[in-house]
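**Q** One structure follows; several queries about it will come next.
Values quoted throughout were computed directly from the atomic coordinates according to the rules given, and no laboratory measurement underlies them. What you are looking at is a predicted structure, and each value in this text was computed from that prediction instead of being measured. Methodologically, a virtual Cβ is constructed for each residue, glycine included, from the backbone with ideal geometry; neighbour enumeration extends over all protein chains shown.
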Amino acid sequence: MDHNPEPRKTRIQTENEARILDAALDAFSIHGFRGATVDQIAEGAGMSKPNLLYYFRRKQDIYEALIDRLLDTWLEPLESLNENGDPIPELRMYIRRKLEMSRDFPRESRLFANEILQGAPRIETMLETRLKGLVDEKSQVIAGWMKAGRLNKADPRHMIFAIWSTTQHYADFDVQVRAVLGPDRGGDGRFEDAARFLETLFLEGLKPRA
C-alpha cells in the first residue's frame, strides 16, 4: 500500500513549532509534566491555545517531541567516545562535553532529571533500550581499554554514572552551586574550575601506574 509523504513544513510552521518547544521547555523544566499546562506553554510561545493545538494536539505530544530532541543532544557525547582513540584524552573530552552541556542546556538537564525523579513513566522504554544499549556498548569499549592495560581497572558503568552525576550537578543544582561559590567564583569560570577538578578526580585514578 502506497503512503503519501508528509508535506514539507513551511518556514512559519517550523518557526512556530520551535517557539512552542522552547516555551514548553521552560514550563516542563520548572513545573514538571503534571504541573505544566497547555495554557502556560501557549502564553510563553506568544500564541493562542487553539493555534498551539494546531501544531500539537496534546500536552503529551509536546513533551514527547521535547524528549526526543533532548535525547539526541544528550547522548551525542557518549556516542562520540572513540574506541580507537587514546583513553585518557577521550574521557577528558567526554567530561568536558558533559560540563558544557550543563552550562549550555540547564533547562534540558532539569527536564530530564524531573522525568527520572517521577519514575520515568514516559521514557522508561527508551532507558531500557536506546540508553542501555549505548551504555553497554561504551562500557565494553572502556573495559577493553582496561583489559589492554591502558586504564586502571574499575567498573565502567559506575564510572559513567559518576561522570553523569558530577557534571549534571552544575545544571540541576545551579542555584546551590552559585550560592556556595559566591559572586567571585560563581560565574562561567566555575565550569572550567569544575572541569579541572573532575579531570583530576577521574583521570588520575584511571591512569595506569608506571
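**Q** For the residues W74, W145, W164, what sequence is obtained by ranking on other C-beta atoms within 10 Å, fewest first?
**A** Fewest-to-most Cβ neighbours within 10 Å comes out as W164, W74, W145.
**Q** At W164 and T37, where each label point lies 7 Å from the Cα along Cα→Cβ, what is the point-to-point distance in nanometres?
**A** With each label placed 7 Å out from Cα toward Cβ, I get 3.4 nm.
**Q** Compute the helix-to-body angle for 106-117: its Cα long axis versus the longest principal axis of the chain, expressed 0 to 90° and rounded to tens.
**A** For 106-117 against the chain, the angle is about 90 degrees.
**Q** Return one number: the angle in degrees, 0 to 90 and rounded to the nearest 10, between the long axis of the Cα atoms of helix 189-206 and the longest principal axis of the Cα atoms of the chain.
**A** 50 degrees
**Q** Now, a different point. Obtain the nm distance between the two label points defined at M126 and T73 by a simple spin-label model: each point lies 7 Å from its Cα along the Cα-to-C-beta direction.
**A** 1.2 nm
**Q** Return the inverse of the average 1/r over all pairs of distinct C-alpha atoms in the chain, which is the Kirkwood hydrodynamic radius, in Å to one decimal.
**A** Result for the chain, one decimal place: 19.4 Å.
**Q** How would you rank F105, F112, going from fewest to most other Cβ atoms within 10 Å of each one's own Cβ?
**A** Taking fewest neighbouring Cβ atoms as first place, the list is F105, F112.
**Q** Please work out the Kirkwood hydrodynamic radius for the range 64-145, using every pair of different C-alpha atoms, and report it in angstroms with one decimal place.
**A** Over the range 64-145, the inverse of the mean reciprocal pair distance is 13.8 Å.
**Q** By how many degrees, 0 to 90 and rounded to 10, does the Cα axis of helix 156-172 deviate from the longest principal axis of the chain?
**A** Taking Cα atoms only, the helix is inclined about 50 degrees.
**Q** If you don't mind, there's one more thing I want to ask. For a footprinting-style exposure proxy, rank I62, I67 by other Cβ within 10 Å, fewest first.
**A** Going from least to most buried by this count: I67, I62.
**Q** Across all directions of projection, what mean area in square nanometres is found for the Cα convex hull of the range 87-209?
**A** Mean projected area for the range 87-209: 8.2 nm², to one decimal.
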